[in-house]
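Comments concern the structure below.
The values are calculated or read from the model by the stated rules, or taken from the named source; none is laboratory data. On a predicted model such as this, the values are computed, not experimentally measured, just so you know. When we count neighbours, we look across all protein chains shown, and the Cβ atoms used for this are built from the backbone with ideal geometry, even at glycine. Protein only, heavy atoms only, side chains kept; ligands, DNA and RNA dropped before computing areas. Shrake-Rupley method; radii C 1.70, N 1.55, O 1.52, S 1.80 Å.
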Amino acid sequence: QKEDVVVTLLPAGHCPGSVMYVLSILQMFHHLAFNGEFDPSVAVCRFLFEGENGTVLYTGDFRLAKGEAARMELLHSGTRVKDIQSVYLDTTFCDPKFYHIPSREECLNGILELVRSWTSLSRNHVVWLNCKAAYGYEYLFINLSEELGIKVHMNKLDMFRNMPEILCHVTTDRHTQIHACRHPRDDECFRGNRLPCGMTCHNGTPLHIISIKPSTMWFGERKK
């Protein structure tokens, strides 16, 4: 027995290329994996499956600000949200301890003001962004670079070869005041007043380094 299934990809807002899907989900994953078009180890997916037996939304990890879903035309039928029979919610933060997570804009503004106040003290005041994941911070790098005119140092730029819009905001030149470089023992480097890339001074003057860890997990550790 054959059945036509409509699969819709929706933006997940998690990291570059992340999508949500609104079938038989096993058939879809089997087909894509064997055709080399889908790698579940690197993709964040949100699916919307529509068939004769109803509509299913599979989220994957996602981050949407309040009101963003209302602007997704493909999630609507006319002026109404599509009737969804089942939702598979796959998210790290579906837990009561994450009772409040500030918006991405609030976080950006807070980090921006901290970085601005520190880097304006002197050329030797630098910021290390302690980013634990490989992707998902691009919006932060772009925002800091645009607002402060300071590029973000990375160990290498290979990961951004398919994201040309970010290349003018990152650099492999260590002589900048914002770093997101990595080292297997980067926390030890910071405790020794050394950046993960090895920088300790600028023109012979020791650096003054602060660390910022962009992480949502912190909000789960707070008390009401």
*If you project the alpha carbons of segment 104-212 onto their three principal axes, what span does each projection cover, largest first, in Å?*
36, 28, 22
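Using the per-residue mean of other Cβ atoms lying within 10 Å as a proxy for protection, in what order, highest first, do the peptides 73-85, 153-165, 106-118 fall? Walk me through the numbers before you get to the answer.
Details: 73-85: 10.8, 153-165: 13.0, 106-118: 14.8.
Averaged packing, sorted descending, gives the order 106-118, 153-165, 73-85.
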*Could you give the nm distance between label points at Val87 and Asn109, where each point is 7 Å from its Cα heading toward the beta carbon?*
2.7 nm
_What distance in nm lies between label points placed 7 Å from Cα along the C-beta direction at Glu165 and Arg182?_
2.3 nm
*Give me the Debye-computed log₁₀ of I(q)/I(0) at q = 0.19 Å⁻¹ for segment 43-190, equal point scatterers on Cα only, no solvent, two decimals.*
-1.22
*For Ser103, tell me the accessible area in Å² from a 1.4 Å probe, rounded to the nearest 10.*
40 Å²
